[in-house]
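A quick write-up on the structure given underneath.
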Amino acid sequence: MGKIIISREGVVEQEVPLSRERMTIGRRSRNDIVLSHPAVSGEHAVITTILDESFLEDLRSTNGTFVNGQRVGKHFLQHQDTIKIAKYRIEYLADGVRPAPAPMGESATIPVPPQPRPAVASASAPASAAARAPAVAPGPAAAPAPPPAAPAPILGRIEVLNGANAGKQLALTKPLTTLGRPGVQVIVIARAPDGYSVVQSEGDAIATLNGATLGKQPQRLQHGDVLDLSGTQMAFKQDLA
C-alpha cells in the first residue's frame with residue numbers, strides 16, 4: 001500500500017499508511033488523519049484508495065488543498081506528489097516504486113578469478129587430433145530473437161441506456177473515472193492493465209451492479225454489466241480479443 005509523510009516546518013509529525021479505502025483529513029478529531037491547525041477545515045480533504053491507485057479530493061475547504069503548488073479539487077496522486085494543507089507538507093509515496101539506481105562512480109569492484117595457465121606441449125609429444133585439424137572460420141552469429149510484442153491494453157467504455165442521454169458513450173481511458181453527484185452518489189471505475197473494477201465511494205443513495213448493491217468493496221466489471229445510478233442505467237462494454 002502507499003503512504004503519506006506529514007511534516008510541519010521541516011519536522012516530520014506523522015507517517016500514515018493508506019490502509020483504508022477512504023481516509024479523511026481535517027481539524028476535527030473524528031477524521032482519520034487529524035491536522036491541528038486553525039487554517040485546516042473541520043473536514044478538509046479525503047484520500048480514496050482503490051487497488052493500488054489513490055486520489056485526493058478537497059472537501060470544499062476554506063483555504064484549499066494544493067498539489068505541487070496548484071490548487072486542486074480532485075487529483076490522481078503520483079509518486080512523490082507534494083500536498084500542501086495550511087502549514088502542513090504531505091508527501092505521497094506510492095507502493096512498489098523501485099529505489100533509484102546508484103549514481104555513477106559508486107560501482108562495486110567485482111573480483112576476477114585467476115585464469116588457468118595453458119599447458120605447454122612437449123616438443124617430442126605427437127600433435128593431438130585437434131591440433132592437426134584445420135582451423136574452421138566461425139559462421140555469422142545468429143541474430144537475437146525480437147522480444148514478444150506487449151499485449152494491447154484492454155479499453156472499456158460506458159454506454160447510457162435510458163433517459164435523455166441514452167446512447168451516449170464515455171471511454172474509460174483514465175486510471176480513475178468518477179460518475180455521479182458529489183455528496184449524493186458517486187462511483188469510481190478504476191482501470192488496470194488486465195481490466196476494470198468499480199466501487200461506490202460516497203453517498204447514501206445506493207448504486208447497483210446487475211441489480212445487486214454495489215457497496216464499498218471493489219467489484220470486477222465484465223462486458224455487458226449494467227450499473228444503475230439513481231435510475232440512470234449504464235452498460236459497461238469493452239473491446240474483446
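The values are calculated or read from the model by the stated rules, or taken from the named source; none is laboratory data. Computed from a prediction, not measured in an experiment: that's the story for all the values here. Every residue, glycine as well, gets a Cβ built from its backbone with ideal geometry; the counts of neighbours run over all protein chains shown. Remember, those area values only see protein heavy atoms, side chains included, never the ligands or the DNA or RNA. Shrake-Rupley method; radii C 1.70, N 1.55, O 1.52, S 1.80 Å.
Tabulated results
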item	result
Tally, over region 13-40, of residues that are open to solvent by less than 90 Å² (accessible area, probe 1.4 Å) and not small (Gly, Ala, Ser)	16
Test for Glu43: is it at pLDDT below 95 and either in contact with a strand residue (DSSP E or B) (Cβ under 9 Å, 6 or more places away or on another chain) or open to solvent by 60 Å² or more (accessible area, probe 1.4 Å) (or both)	no
Asp228 more than 27 Å from Gly73 (Cα to Cα), out of contact with any Cys (no Cβ under 9 Å at 6 or more places or on another chain) and of a type in the set (D, E, K, R)	no
Any pair with Cβ under 7 angstrom, 6 or more apart, that starts in region 55-74 at a residue that is under 17 Å from Leu18 (Cβ atoms) and of a type in the set (A, V, I, L, M, F, W, C) and ends at one that is in a strand (DSSP E or B) and open to solvent by 80 Å² or more (accessible area, probe 1.4 Å)	Phe55/Lys74
For Pro116: the one exception among (1) modelled with pLDDT of 95 or more; (2) open to solvent by 70 Å² or more (accessible area, probe 1.4 Å)	(1)
Within region 46-79, considering residues that are over 18 Å from Lys3 (Cα atoms) and among the hydrophobic types (A, V, I, L, M, F, W, C), the one most open to solvent (accessible area, probe 1.4 Å)	Leu59
Residues of region 170-188 that turn out to be surrounded by fewer than 13 Cβ atoms within 10 Å (Cβ to Cβ), without any contact (Cβ under 8 Å) to a residue 40 or more places away in the chain and touching an Asp or Glu at 6+ places or on another chain (Cβ under 8 Å), as a count	1
